[in-house]
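Heads up: the structure comes next, in structure tokens.
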Amino acid sequence: MHSDQGWHYQMKLYRHSLQSKGIKQSMSRKRNCYDNPVMENFFGIMKSESLYFKEFESIEHFKIELEKYITYFNTKRIKAKLKGMSPIQYRTHAQTAA
């Protein structure tokens, strides 16, 4: 799980909780926040397009819906910044053009 270096992410209890669940923690280096805006943007979009409109029956149901949304986001959801392509289409196009 990737996060910034907020105090709550550095707490021993939190770190041990992640570790006990088999989750590897990753944090940005100090003054290196360039990866955070990308993830915060994704989570904001995901919440407004999916999360706020569904009721989940269980954690498993949430995981299934989240996986479906990530697949949709990467393969079908177009973005003007990506010249009207999905992220996968854009990367494929950029690789073939290079």
Can you show me the helix-derived [θ] at 222 nm for the chain, built from DSSP H runs with n ≥ 4 at -39,500 (n - 2.57) apiece and divided by the number of residues, rounded to the nearest 500.
-17000 deg cm²/dmol
Per DSSP loop assignment and a cutoff of at most 15 other beta carbons within 10 Å, the chain keeps its longest run without exposed GluC sites (Glu not before Pro) at 1-54
Answer with a single label: of (i) 1.06; (ii) 1.37; (iii) 1.33, which was calculated as Cα Rg over 2.2 N^0.38 Å from the structure in view?
(iii)
What is the set of long-range amide H partners of M85 at a cut-off below 5 Å, with H atoms built 1.01 Å from backbone N?
K79
Placed amide H near S3: partners under 5 Å, 5+ positions off or other chain
S26, M27, S28
Over 19 Å (Cα to Cα) - which of K47/K79; K24/K68; K63/K83 fall in this group:
K24/K68; K63/K83
Please order I45, I23 by the number of other Cβ within 10 Å, starting at the fewest.
I23, I45
Other residues with Cβ under 15 Å from the Cβ of E57 give, with Lys and Arg +1 and Asp and Glu -1, a net charge of 0
Given labels modelled 7 Å from the Cα in the Cβ direction, how far is it in nm from K21 to E60?
1.8
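Values quoted throughout were computed directly from the atomic coordinates according to the rules given, and no laboratory measurement underlies them. Quick caveat, the model's predicted, so the values are computed rather than measured. In this analysis, Cβ positions are derived from the backbone assuming ideal geometry, glycine residues included, and neighbour counts consider all displayed protein chains.
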